[in-house]
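Peer 1: I'd like to ask you about the structure that follows.
The values are calculated or read from the model by the stated rules, or taken from the named source; none is laboratory data. Note that the coordinates shown come from a computational prediction; the quantities given were computed from them, not determined experimentally. No Cβ is skipped: glycine too gets one built from the backbone with ideal geometry, and neighbour counts run over all protein chains shown. Surface accessibility is based on the protein's heavy atoms, side chains included, excluding ligands, DNA and RNA. Shrake-Rupley method; radii C 1.70, N 1.55, O 1.52, S 1.80 Å.
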Amino acid sequence: MIRVLYFARLREEVGTGEESLALPAGVHTVGALTARLRARGERWDEALGGRPMLVAVNQTLSASEGALADGDEIAYFPPVTGG
Amino acid sequence: MAGCIRVQTEAFDPGVELDALARGDAGAGALVSFIGRVRDDGAHAPVLRLTLEHYPGMTEKALGAIVEQARARWELRDVVVIHRVGAMEPGEPIVLVAVASAHRAAAFAACEFIIDRLKTRAPFWKRERTSQGDRWVEARAGDAQAAERWERDAGLHRE
């Protein structure tokens, strides 16, 4: 299982803050997981495509080539605006 | 070395925090601080309230990494980073970065480095409430440029 988190504007757009799912067969990178999530429908495709977005794997920022393994925590969020 | 990182919903008093910075350390000859306050930029309807969302766990980890990077570049005798989350009003302090060093050059540089990296790497998101509704604050290009400057300058500092 993997844990997928969504924050801020993305959380509102996909309609959930957190979900657990089995790492889909053939999905070994962040980019592949993102493509799988976007294929869920128009709402997901719009939320996770197009606009600038950051992804963290196990709480560290990751590129789309970043590797995924069972047990990982993956988070999707917009560019940060703290400070 | 002393130092602290706090992410909290409660308001903080910058004066109290600065008074405690490097207290009792006579070698800390230079203290530099940055206080960020909730801003109403006047570009939209007046901001009534700001709500800060964050990623519990990663936020603390990201701030810790930024402070470690600053300590690797400059000799710092104390570092304090406090960031509020939750609801707050315009004018209230939202972030404090304070550093103590033997001399001012390191203290000024490290303080600016920490706030610049915080603004682009620490997972916080601002949502403004105005009389015309709520809106997520968009990231500013200038913040990314300020943070990139430290990548360019990396070769000029002791790593």
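Peer 1: Can you tell me how many residues in the stretch A:48-83 are more than 7 Å from every other protein chain (Cβ to nearest Cβ) and touching a Phe, Trp or Tyr at 6+ places or on another chain (Cβ under 8 Å)?
Peer 2: Residues meeting the conditions: 5.
Peer 1: Enumerate the strands (runs of 3 or more DSSP E) found wholly within the stretch B:49-107, keeping only those where 1 or more residues are surrounded by 22 or more Cβ atoms within 10 Å (Cβ to Cβ), within 10 Å of chain A (Cβ to nearest Cβ) and touching a Leu at 6+ places or on another chain (Cβ under 9 Å).
Peer 2: The strands (runs of 3 or more DSSP E) meeting that bar are B:76-84, B:93-101.
Peer 1: Follow-up question, since we're still on this one. For residues that are among the charged types (D, E, K, R) and open to solvent by less than 70 Å² (accessible area, probe 1.4 Å), scanning just the stretch A:16-47, find the one that is farthest from the other protein chains (Cβ to nearest Cβ).
Peer 2: Taking the candidates together, the pick is A:ASP45.
Peer 1: Turning to a different aspect of this structure: List, please: which pairs have Cβ atoms under 9 Å, are six or more places apart or on different chains, and start with a residue in the stretch B:96-110 that is of a type in the set (Asp, Glu) and end with one that is surrounded by fewer than 24 Cβ atoms within 10 Å (Cβ to Cβ) and at pLDDT 95 or above?
Peer 2: none
Peer 1: Going through the stretch A:1-25 one residue at a time, which ones are under 12 Å from the mean Cα position of the chain (by Cα), under 18 Å from B:PHE124 (Cα atoms) and assigned to a helix (DSSP H, G or I)?
Peer 2: Answer for the stretch A:1-25, where residues must be under 12 Å from the mean Cα position of the chain (by Cα), under 18 Å from B:PHE124 (Cα atoms) and assigned to a helix (DSSP H, G or I): A:LEU10, A:ARG11.
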